[in-house]
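Novice: One structure follows; several queries about it will come next.
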Amino acid sequence: MFITLQITILLSLFFLLLGVRYIQKSNSDLTDEFGLGRGIVALLGQSIGLVTFLASSQASYEYGVIGLLGYCLAGIASFLFIYLLLKRNDGMLGRKKEMLEAFKWLCQLENILIFILAGKMIIKLFYGLNIIIAACMLVIFYQFIILARNKNQYPGSLMLVILSLVTTVLIPTLVYLKVSVPTVYSGVDFLATDMLILDEPSSWLIVVILCVRFSAHNLLNEQIWSIYSKIKQTKRALSFTLTPLIWMFLPLSIGTLSFVAKASAVWPALNDEVSFNVVQQFGGQFGGALLVVTLIVIMFSSISTYVIHQESGQFSAAIKVGTVIIAVLIAAFIPDLTILDVMFYFSFIWAAMVPIFSIKKIPVPPFIVWVAVSACAAAGIYFMIQQGLMAGIIIELFLSSFVTVIFVAVTGIKHRQ
């Protein structure tokens, strides 16, 4: 039975690759301006990631309805933030682009760490890997690298969007065919009434923290800058408005699986495995295969883009290898680390960085900027130790925003002079 499932997954990946190759041959490269439809697909291709399927369910599992709604609201706010930022800077970030290079390494480290944590879950749901299956996966991964080398990224984004939307429709449907909605509501109301509470102010802080995290990754993603410049000027606002509304459907749908887990007394070993456990128990073989295929496509697409991306500097390859080694060591020495934990801990850096780099012009030398970011991050860590994780990030964000106001005031004074 397990071998049949593995073969089904491999064949599904193979036919998906064939479909993308066919679309690539029948579509020209997106070098010219494109309209609303392609703009939405391109933006969704950059915003759908492993955290959409894994962190959303963990957030709702730990914080209930607040976590589920907060995750969606944070994603929408981050889309609007990056649109307003790019609009004000005419699609480019000027000399700040060079200063942002230092933060890209941290962004890559966070992403690779999430890949490793998700990879362990995929292997579990894949029911182990033998030599033949592992060799087939390497061949498929190499094909993803070949696709990533093609300048036309639209077919890959289209495949990812369609597959993700199909997954978020079919998996909850398969689960709720076995566990009815009234049963889930009754189980949650009896076993986990705390998931339905909405008047807990401290839990709503997750919206601010996730918004900072999503905004930082959008700010550091040059592909989003490129997509913004390629979308027709009259369609940019609508593209950045409709995209988060479509994207919201994904975490909203997958996040409901955590309520099934609480209602059915499904207790995962780690909270970020909740969606996997629910699919294993109630989604059937088809649901499990569909989830694995979707996550593998997302992972291979992201990793292949990371592998072939041309970095400046002669030590770029060494930096990439070193980043992977550091991520592996972190995952090995902290076995209880979850995906949402990774997102929160890295938010210490993002909370100090996002407000300062969101202003149009930074009127001080780069050295002062680094000092300000480092001081805000250190203050956030101190308050985290004293008052907790969320409080530390919020205080750090407040301090960074205060520094940003000072920079804006200095810019205004220089302009008047």
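The values are calculated or read from the model by the stated rules, or taken from the named source; none is laboratory data. Keep in mind it's a predicted model, so treat the numbers as computed, not measured. Counting neighbours? That spans all protein chains shown, and the Cβs are built from the backbone with ideal geometry, glycine included. Calculation scope for accessible area: heavy atoms of the full protein, side chains included, ligands and nucleic acids excluded. Shrake-Rupley method; radii C 1.70, N 1.55, O 1.52, S 1.80 Å.
Novice: Regarding Gly19, is this residue surrounded by fewer than 23 Cβ atoms within 10 Å (Cβ to Cβ) and either of a type in the set (Gly, Ala, Ser) or modelled with pLDDT under 70 (or both)?
Specialist: yes
Novice: Here's something else I'd like to know. For region 175-204, which residues satisfy the criterion of being in contact (Cβ under 8 Å) with a residue 24 or more places away in the chain and among the charged types (D, E, K, R)?
Specialist: Within region 175-204, Lys178, Asp194, Glu200 meet the criteria.
Novice: Among what's in region 238-251 and is in contact with a Leu (Cβ under 7 Å, 6 or more places away or on another chain) and surrounded by fewer than 20 Cβ atoms within 10 Å (Cβ to Cβ), pick the residue that is farthest from Ile122 (Cα to Cα).
Specialist: Looking at residues that are in contact with a Leu (Cβ under 7 Å, 6 or more places away or on another chain) and surrounded by fewer than 20 Cβ atoms within 10 Å (Cβ to Cβ), I get Leu238.
Novice: If Tyr142 passes every condition in (1) at pLDDT below 70; (2) in contact with a helix residue (DSSP H, G or I) (Cβ under 8 Å, 6 or more places away or on another chain) but one, which one does it miss?
Specialist: (2)
Novice: Specify which of the listed residues (Ile330, Ile303, Ile325) is out of contact with any strand residue (DSSP E or B) (no Cβ under 9 Å at 6 or more places or on another chain), under 22 Å from Gln58 (Cβ atoms), part of a helix (DSSP H, G or I) and at pLDDT 80 or above.
Specialist: Ile330
Novice: Evaluate the following for Ser202: is it modelled with pLDDT under 85, under 30 Å from Pro355 (Cα atoms), assigned to a helix (DSSP H, G or I) and open to solvent by 50 Å² or more (accessible area, probe 1.4 Å)?
Specialist: No; evaluated as a whole, the condition is false for this residue.
Novice: Now, a different point. Mind checking which residues of region 80-90 are open to solvent by less than 20 Å² (accessible area, probe 1.4 Å) and within 21 Å of Leu252 (Cβ to Cβ)?
Specialist: Ile82
Novice: Would you check which residues across region 208-244 are part of a helix (DSSP H, G or I) and aliphatic (A, V, I, L, M) and list them?
Specialist: Val208, Ile209, Leu210, Val212, Ala216, Leu219, Leu220, Ile224, Ile227, Ala237, Leu238, Leu242 - these are the residues of region 208-244 that are part of a helix (DSSP H, G or I) and aliphatic (A, V, I, L, M).
Novice: Identify the residue in region 58-79 that is hydroxyl-bearing (Ser, Thr, Tyr) and either crowded, with 24+ Cβ neighbours inside 10 Å or out of contact with any Cys (no Cβ under 6 Å at 6 or more places or on another chain) (or both) and, among all such residues, is farthest from Asp336 (Cα to Cα).
Specialist: This residue is Tyr71.
Novice: Could you tell me which of the residues Leu93, Leu117, Leu43 is within 21 Å of Trp350 (Cβ to Cβ) and at pLDDT below 85?
Specialist: Among Leu93, Leu117, Leu43, only Leu93 is within 21 Å of Trp350 (Cβ to Cβ) and at pLDDT below 85.
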